[in-house]
1. Report, by residue number, each residue of segment B:17-63 that is more than 15 Å from B:Asp116 (Cβ to Cβ), at pLDDT 90 or above and charged (D, E, K, R).
2. Tell me which of these B:Gln135 doesn't satisfy, since it passes every other one: (1) touching a Lys or Arg at 6+ places or on another chain (Cβ under 9 Å); (2) closer than 30 Å to A:Leu164 by Cβ; (3) away from ligand 2 (no atom under 12 Å from the Cβ).
3. Could you check segment A:131-148 and list, in sequence order, the residues that are at pLDDT 95 or above and either buried (at least 22 other Cβ atoms within 10 Å of the Cβ) or within 7 Å of chain B (Cβ to nearest Cβ) (or both)?
4. Could we say that A:Ala304 is closer than 19 Å to A:Ile227 by Cα and at pLDDT below 95 here?
5. For the condition within 7 Å of chain A (Cβ to nearest Cβ), β-branched (Val, Ile, Thr), out of contact with any Cys (no Cβ under 9 Å at 6 or more places or on another chain) and surrounded by 14 or more Cβ atoms within 10 Å (Cβ to Cβ), what is the one hit in B:Thr235, B:Thr192?
6. Quick check on my filter: what residues within segment A:262-291 are within 14 Å of chain B (Cβ to nearest Cβ), near ligand 1 (Cβ under 6 Å from one of its atoms) and either surrounded by fewer than 20 Cβ atoms within 10 Å (Cβ to Cβ) or under 15 Å from A:Ile310 (Cα atoms) (or both)?
7. If I filter segment B:160-178 down to residues being at the interface with chain A (Cβ under 7 Å from one of its Cβ atoms) and modelled with pLDDT of 95 or more, which single residue comes out as surrounded by the most Cβ atoms within 10 Å (Cβ to Cβ)?
8. Taking A:Leu341 as meeting all but one of (1) within 12 Å of ligand 1 (Cβ to nearest atom); (2) facing chain B (nearest Cβ under 8 Å); (3) under 22 Å from B:Ser256 (Cα atoms); (4) of a type in the set (A, V, I, L, M, F, W, C), write down the number of the exception.
Amino acid sequence: MKEILVLAEHVDNKLSPITFELLGAARSLADKLQARVACFLLGYNIKDQIQALFSAGADRVYIAEHPELKDYRTLPYNKIISDYISSLEIKPHIFLIGATTTGRDLAPRLACKFNSGLTADCTELDIGEFDYNSKTDIKRSGLYKDCLYAIRPSFGESLKARILGPWNNPQMATIRPGIMLPIKPIENKQGEIIEVPINLTKNDLEIEIIESFREINNEIDLSSAEIIIEGGYGLANAQGFDLLRELAGCFNNASLGATRKVIDEGWMPYKYQIGQTGKTVRPKLLIACGVSGAIQQRIGIQNAGCIVAINKDACAPIFRFAHYGIIGDLYHVIPELIKELKEF
Amino acid sequence: MSFLKNIFVLIKQVPDQGSKAGVNLDGTIDRAKARRMLNPFDRYALQAALDAKKNYGGQITAITMGPPLAIEILFEALEHGVDNTILLSDRSLAGSDTWATSYALKKTINYLGEFDLIFCGLQTTDGDTAQVGSQIAERLNIPQITYCEDFKIENEKIIARRVIEGGHQTLKAPLPCLITVANSYKALKYKTIHGAKLVQDIMREEEKKNKYIKILNINDIKANPDFLGIKGSPTIVSKTEKISEISGNCKILKGSKELSLELKEILK
Ligand SMILES: Cc1cc2nc3c(=O)[nH]c(=O)nc-3n(C[C@H](O)[C@H](O)[C@H](O)COP(=O)(O)OP(=O)(O)OC[C@H]3O[C@@H](n4cnc5c(N)ncnc54)[C@H](O)[C@@H]3O)c2cc1C
Ligand SMILES: Nc1ncnc2c1ncn2[C@@H]1O[C@H](COP(=O)(O)O)[C@@H](O)[C@H]1O
């Protein structure tokens, strides 16, 4: 049976959202291929997370537990995963890893070990065939079935490229966080647990973690916010965000977001940036105020359930993909809107 | 303190996406017409290499793989104060993906010999993969620290701060080590007077040019042509398409009243 493998990520033994997103993506590919979904989990005292992986779509979990694996480090993770996969007679068909700072650190090294193609930072996946016909590359020409289509924006994102690596398994890709949908958890789903051998040498352990710091942030995380009020350069200054804060106050739990131009101007800190080089969001509702809708911006918001655009330029590209629009000056429209919403 | 010997910095020339020149109607780039520039992310790598040299000594060699015109960014690197430069240029490299690129660059590094530190940019704006650095480290079988935003060297180990989701992490690694430099690192400083003068001289004197810019082909580095170019790349771009206009049926509302009614529907 073909296998689709994903890498579990966790912080302080709590599984990260990307793990569930990868399992969701793997599940839908697996259904097309009639394959099983497997998940590689490395850590320490982490067995109690296995059930969550089964519930999220894994049929099989490969587990490696060791005190040295508690937190991610390049070399030990690289060693254990690559030793194990190399020892298999039949390699996983596909291997998906998050395009996080962890995944993008590790995946390239693994791909080198397996001589696999690796597509970075994908936003869509599919399965299909590939009829390769090259006069200069005769040896590899032919018809390939059940290929991974790894799809990602390219060239500054005005284009999408479909990238394949059908010649060698596992076919690998890193997946941009916040894009794939987890499945609805299936309670009590069972699966198979396989313990992976651990052979670490002194060389594998030569990088030490001195400290890790993560902001404990009481604000709502943009990537999981239900409602986002986004400000663009059309606000004209940092004070414009006071108006957006007031608008956000009209909703339950609305978060603020911003375009890169706003961040570059220093009107808001980087963590608010949405888009290709910022966060990908998937709120129920996003109100974009003074945002032109450049392609790099659109990548970040196109999964919103409903996009409302307020922009004074009727030709702004955002009106080509927003669901509702008001053409007008945001400094007139928003105060009125606040009034309407408050009255209700 | 001066104990480093060799510092390598890997830089690439990319099309300037800020300029409209050479951008075809379908969004693809005509590389011959496009304006060229030093990959913006590699400016941070260059600054990191210059900082390493200033604080811990050593000689900096800037390395690039690309067409003959890529020599332009080597001039730029010399102006900023690197000591030597290498251009790996060969027709058979065309179309290399990250697997093949990292192979060719690894062979170039082997050709050059011993080193203490290699700096790479985080990613390129054209390849945009952030993979080449880690793949070179894998092939050289050395440790790596990616997304580095600050570093120092103590007791012959590098202590570096790297970006992680929602925070940062400090790692300590032995040398030799490969570092990919995040764009939160210090910006590249101005060119040096010495460097600018050197490049002026190089433009005039062939001999000087040959001293500071070494051009290599794949035979020089003993690379296996089967592992290079399109044929040697495990990935292939099978199709590109313009990102589709998602809906094109935006409902234009007259004013806030209408919008607030719609919003109430949506949020029900
Ligand atoms: C490699 C790369 C990565 C990038 N990554 C990102 C990213 O992650 N996120 C991102 O956002 N951008 C990104 N960009 C930049 C992107 O291309 C755009 O430049 C940016 O999104 C534009 O921001 P904006 O919409 O705020 O500004 P503008 O494009 O300047 O748009 C401002 C809009 O406000 C409107 N406006 C002005 N005044 C008013 C008013 N009073 N009332 C109503 N409307 C008004 C204008 O009509 C205009 O449409 C990236 C670019 C590159 C090259
Ligand atoms: N052709 C090249 N020549 C030299 N260095 C390169 C080349 N391609 C990539 N690199 C290095 O690898 C980094 C990551 O590139 P990429 O994986 O293409 O995003 C770049 O910032 C460079 O430091």
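1. Within segment B:17-63, B:Arg36, B:Asp42, B:Arg43 meet the criteria.
2. Every listed condition holds for B:Gln135 apart from (3).
3. Matches in segment A:131-148: A:Leu148 only.
4. Details: closer than 19 Å to A:Ile227 by Cα: yes; at pLDDT below 95: yes.
So A:Ala304 passes the test.
5. Only one candidate qualifies: B:Thr235.
6. Taking segment A:262-291 first, the residues within 14 Å of chain B (Cβ to nearest Cβ) are A:263-264, A:269-273, A:275-280, A:283-289, A:291.
Subsequent filtering for residues that are near ligand 1 (Cβ under 6 Å from one of its atoms) retains A:273, A:275-278, A:291.
Within segment A:262-291, A:Thr277, A:Val291 meet the criteria.
7. Only one residue tops the list, namely B:Leu171.
8. (1)
The values are calculated or read from the model by the stated rules, or taken from the named source; none is laboratory data. As the structure is a prediction and not an experimental result, all values here were calculated from the model. When we count neighbours, we look across all protein chains shown, and the Cβ atoms used for this are built from the backbone with ideal geometry, even at glycine.
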